[in-house]
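The values are calculated or read from the model by the stated rules, or taken from the named source; none is laboratory data. Only a predicted model underlies this, so the values are computations on that prediction, with no experimental measurement involved. Neighbour counts are summed over all protein chains in view; Cβ atoms, including those assigned to glycine, are modelled from backbone coordinates with ideal geometry. Just the protein is used for accessible areas: all its heavy atoms, side chains included, with ligands, DNA and RNA removed. Shrake-Rupley method; radii C 1.70, N 1.55, O 1.52, S 1.80 Å.
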Amino acid sequence: MHPFDDRGVSGGSVRPDGGTESGFRFAYEPGAVVYGAGRVSDLERELAAIGVERGLVVAGETVGTTDAVVEPVREGLGDRLADVFAGTTPAKRLAEAAAAADAYEDADADAFVALGGGSSLDVAKVASALVASGQSYEGALNDLERAGTVPVPGGALPPIVAVPTTLAGADLSVVAGITARRDDGPVVRGGVFDGRLMPEALVYDPDLFRTTPAGVLCASAMNGFDKGLETVYARNSTPVTDGTALRGLRLLARGLPALGAGDRDADTMHDAIVGTILVQYGASRGDGTTLSVIHAFGHGLARGYDVQQGAAHGVIAPHAVRDIFDAVDGRRDELAEALGVDADADGPDETADAVVDAIDGIREALGLPGRLRDTAIPREDLPDVARAVVDDGFMPNRPRGYDPTAEDIEAVLERAW
């Protein structure tokens with residue numbers, strides 16, 4: 001079974017407030033969240049607060065060697081810096097996690113400090129599991145090939161501190177994706193899901209986000225934005241996640257067009273970063289995740305292709321939401337209010353149109369492609385992509401009443417083509 005299957009899917013029909021007829025349970029334990037310009041200087045204090053003596057920085061090959069990014073982190077960590085491992089890539093390879101685990105041991109570290117985008121965060125989480133288990137790369141690869149996951153042992157794990165520089169929303173999360181490839185064989189994809197993988201501290205510094213190239217930052221923003229959409233219509237939404245996701249969407253609807261236009265002033269960065277924090281707050285927790293249809297499409301579209309996740313999300317999000325609205329209500333009124341469009345125009349169909357148009361407007365403002373034909377995905381592969389989407393571990397969280405077949409998903413992909 002995929003590690004995400006059937007997680008957090010509670011019984012009862014969904015009410016307008018996001019609860020169910022049988023009520024809801026919300027168990028969430030995020031780390032301390034620190035936001036503000038220059039707050040990366042607080043890193044040493046945040047590590048001390050969680051009892052960490054030596055943190056290994058885990059970063060991408062570019063981020064970890066770019067002085068404008070890594071030097072403020074070095075200075076912020078001070079005497080609690082163990083070393084910098086600049087070896088992650090967007091592929092999020094298991095070999096990178098194993099190398100980070102080795103670097104952790106060599107540096108005598110007692111925590112990981114994940115710096116950068118979702119790739120570094122995911123690699124650090126898997127490395128934490130490898131350190132705790134003592135498992136070799138070969139053993140972890142065997143497990144990933146066999147079960148689609150890397151075992152997370154019982155007991156304490158090396159803590160993780162997150163210092164994000166993109167807006168993908170992979171930080172307030174207990175989920176990590178990972179890939180591997182044996183010799184010339186196919187790429188194996190899987191994930192790790194465990195409540196203990198939640199970072200124990202998270203530092204969001206707008207000054208670091210400003211160092212991220214515009215194309216990378218805007219693409220990641222679409223991924224984060226979609227987390228807010230999914231959290232609202234997911235079958236396991238709660239009034240708590242409604243409150244954070246809807247507020248986050250309001251901020252993102254205001255901030256992302258400005259970000260796409262090149263603005264990086266204090267107001268724009270606040271709306272983009274704080275909006276991303278809010279839409280992911282509670283979206284990934286120990287008993288499940290609210291991610292569903294759009295993220296399942298994103299996984300299918302990015303599998304084995306040179307397509308950035310945010311770009312895949314940009315293309316497919318309007319079409320996926322349209323398909324949901326064609327089948328169920330999808331809480332379109334709540335989404336319309338959050339996105340600042342008229343939910344009382346001429347009826348539910350018009351509201352659905354307005355929401356889909358608003359989503360596509362965000363995509364366009366961020367400068368992301370609007371058609372699959374403009375990506376590296378071959379049209380003849382769409383049936384295979386559709387099957388991967390239907391089988392994805394996030395699909396069980398789709399809205400109740402929306403039960404697409406592989407043929408239905410392929411039709412959505414064709415419309416997006």
Helix-only [θ] at 222 nm, the chain, -39500 (n - 2.57) per DSSP H run of 4+, per residue, nearest 500, equals -15000 deg cm²/dmol
For the chain, longest principal axis from Cα atoms; helix 266-280 axis from its Cα atoms; angle between them, nearest 10 degrees, is 80
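Over the chain, what relative contact order in percent results from Cα pairs under 8 Å that are six or more residues apart? If you can, show how the numbers build up before the last one.
On the way: 878 pairs, mean separation 70.2, N = 417.
Averaging sequence separation for qualifying contacts and normalising by length gives 17 percent for the chain.
Taking a 1.4 Å probe, which of LYS227, LYS125 shows the most accessible area, and what order do the others take after it? Please list the in-between numbers first.
Numbers: LYS227 20, LYS125 0 Å².
Listed by decreasing accessible area, they come as LYS227, LYS125.
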Rounded to the nearest 5, the percent of antiparallel DSSP beta bridges in the chain equals 30
The long-range amide H neighbours of ALA82, using H built 1.01 Å from N in the peptide plane and a cut-off of under 5 Å, are GLY55, LEU56, VAL57
Once phi for every residue in the stretch 405-417 is put through the Karplus expression 6.51 cos²θ - 1.76 cosθ + 1.60 (θ = phi - 60°), the whole-Hz ³J(HN,Hα) values, with Gly and Pro written as x, are 8, 4, 5, 4, 5, 4, 5, 5, 4, 5, 5, 6, 4
Counting Lys and Arg as +1 and Asp and Glu as -1 over every other residue whose Cβ sits under 14 Å from the Cβ of PRO257, the net charge comes to -3
So for the stretch 293-417, using the alpha carbon gyration tensor with a ≥ b ≥ c as root eigenvalues (a/c under 1.5 gives rounded; past that, a/b versus b/c decides prolate or oblate), I'd call it oblate
Within the set ASP357, ASP122, ASP106, GNM on the chain using Cα springs under 10 Å gives the largest fluctuation to ASP106
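For SER41 and ALA91, what is the calculated FRET efficiency with R₀ set at 30 Å and r taken between the beta-carbons, to the nearest 0.05? Don't skip to the end; give the middle numbers.
Numbers: r = 32 Å, r/R0 = 1.07.
Approximately 0.40, to the nearest 0.05.
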Expected max-MSF residue from ALA49, ALA312, ALA109 in the GNM of the chain (alpha carbon, under 10 Å) is ALA49
Env charge @ GLU105, Cβ radius under 12 Å, K,R +1 / D,E -1, value -4
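Share of the chain's accessible area from carbon and sulfur, percent, 1.4 Å? Intermediate values should be presented prior to the final figure.
Details: 7340 of 15720 Å².
Within the chain, the accessible surface is 47 percent carbon and sulfur.
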Longest principal axis of the chain (C-alpha) makes with the long axis of helix 137-147 (C-alpha) an angle, in degrees to the nearest 10, of 20
The stretch 30-173, Kirkwood Rh and Cα Rg, ratio Rg/Rh at 0.95
Computed over the chain, the Cα gyration tensor eigenvalues, each multiplied by 5 and square-rooted, give semi-axes in Å (largest first) of 32, 24, 21
The farthest towards the positive end of the charge dipole of the chain, of the residues THR211, MET222, LEU94, given +1 on Cβ of Lys and Arg and -1 on Cβ of Asp and Glu, is LEU94
For the stretch 52-66, Karplus-derived ³J(HN,Hα) couplings (6.51, -1.76, 1.60; θ = phi - 60°; whole Hz; x for glycine and proline) come out as 9, 9, 9, x, 8, 6, 10, 9, x, 4, 8, 4, x, 10, 9
Simple spin-label estimate for ASP357/VAL33, 7 Å along Cα→Cβ, in nm, reads 3.2
By the Kirkwood definition, with r running over pairs of different Cα atoms, the stretch 133-190 has a hydrodynamic radius in Å of 13.5
Out of PHE297, PHE24, PHE85, a Gaussian network model of the chain with alpha-carbon springs under 10 Å gives the largest mean-square fluctuation to PHE24
Taking every other residue with Cβ under 14 Å from the Cβ of ASP384 and scoring Lys and Arg +1, Asp and Glu -1, one gets -3
The helix 293-302 Cα axis meets the longest alpha-carbon principal axis of the chain at an angle in degrees, between 0 and 90 and rounded to 10, of 60
Here the FRET efficiency for ASP106 versus ALA266, based on Cβ atoms and R0 = 56 Å and rounded to 0.05, is 0.90
For ASP342 and ALA147, extending 7 Å from Cα along the Cα-Cβ vector and measuring point to point gives, in nm, a value of 5.5
Label model pair VAL187, GLU75: point-to-point distance (7 angstrom along the Cα→beta-carbon line) in nm is 3.8
